[in-house]
Amino acid sequence: MPPAPANVLLIGDLRLREISAPVHDLNEPEFLHAREILAATLEDFRKVHAFGRAISAPQIGISKRFIALNLDGRRHTMVNPVILWRDVRTFTLWDDCMSFPFLLVRVSRSDSISVKFSDQQGKVHIWERLDRATSELLQHEIDHLDGILAVDRAVDRQSLVSREVFEANRDAFTRQVDYTIGDS
């Protein structure tokens, strides 16, 4: 039976500001259990909120460097991800987060990145020059591993908006950015 999902920590919880420690033993029972809880939390959040492509371990109070992802209907675990390269070109978007699902933040991200990580079996992968959607997602999640939240990356003082206000004025807010999550 899969583990029960954890509660997602909300903005203001100091554990979201901790720098996560590397995972050293992929077979350690505590890590294996935490990995399953993180995956269950992502799936539960997606069912309840109808969004969420990834979640980092710090968002459920586990200060370790791993991320659960659901990309194109496939589940992935990224362990100890490192950004190897960042495109100098950037774009803006309204970013959202499971740790503040009631808020959107206009941020600037690198147009593409390359990332190195281990999967849950310990195989090392390098994903090079990723598409914009995957790049922005991984920048967001890797920031979590470093105690950085999207609100820290706000473009300016006018770059925070409640989800309710955003949804009521979606077209006006969408015109303020270069990219919208879900664009291809």
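Quick check on the stretch 1-43: of everything there that is within 18 Å of V151 (Cβ to Cβ) and either at pLDDT below 95 or part of a helix (DSSP H, G or I) (or both), which residue is nearest to the chain's Cα centre (by Cα)?
Within the stretch 1-43, the match that is nearest to the chain's Cα centre (by Cα) is L16.
Can you list residue pairs whose Cβ atoms sit under 7 Å apart, with the first residue in the stretch 133-157 being over 22 Å from N80 (Cα atoms) and the second being at pLDDT 95 or above and small (G, A, S)? Count only pairs 6 or more apart in sequence or on different chains.
V155/S108
Being among the polar types (S, T, N, Q), within 24 Å of F102 (Cβ to Cβ) and more than 8 Å from the chain's Cα centre (by Cα) is the filter; apply it to the stretch 51-74 and report the residue that is surrounded by the most Cβ atoms within 10 Å (Cβ to Cβ).
The extreme case among them is Q59.
Name the residue, out of R46, R75, that is touching a strand residue (DSSP E or B) at 6+ places or on another chain (Cβ under 8 Å) and assigned to a strand (DSSP E or B).
When all the criteria are applied, what remains is R75.
Of the residues that sit in the stretch 107-126 and are of a type in the set (A, V, I, L, M, F, W, C) and surrounded by fewer than 18 Cβ atoms within 10 Å (Cβ to Cβ), which one is farthest from the chain's Cα centre (by Cα)?
In this case the residue turns out to be V124.
The values are calculated or read from the model by the stated rules, or taken from the named source; none is laboratory data. Model, not experiment: these values are computed from the prediction. When we count neighbours, we look across all protein chains shown, and the Cβ atoms used for this are built from the backbone with ideal geometry, even at glycine.
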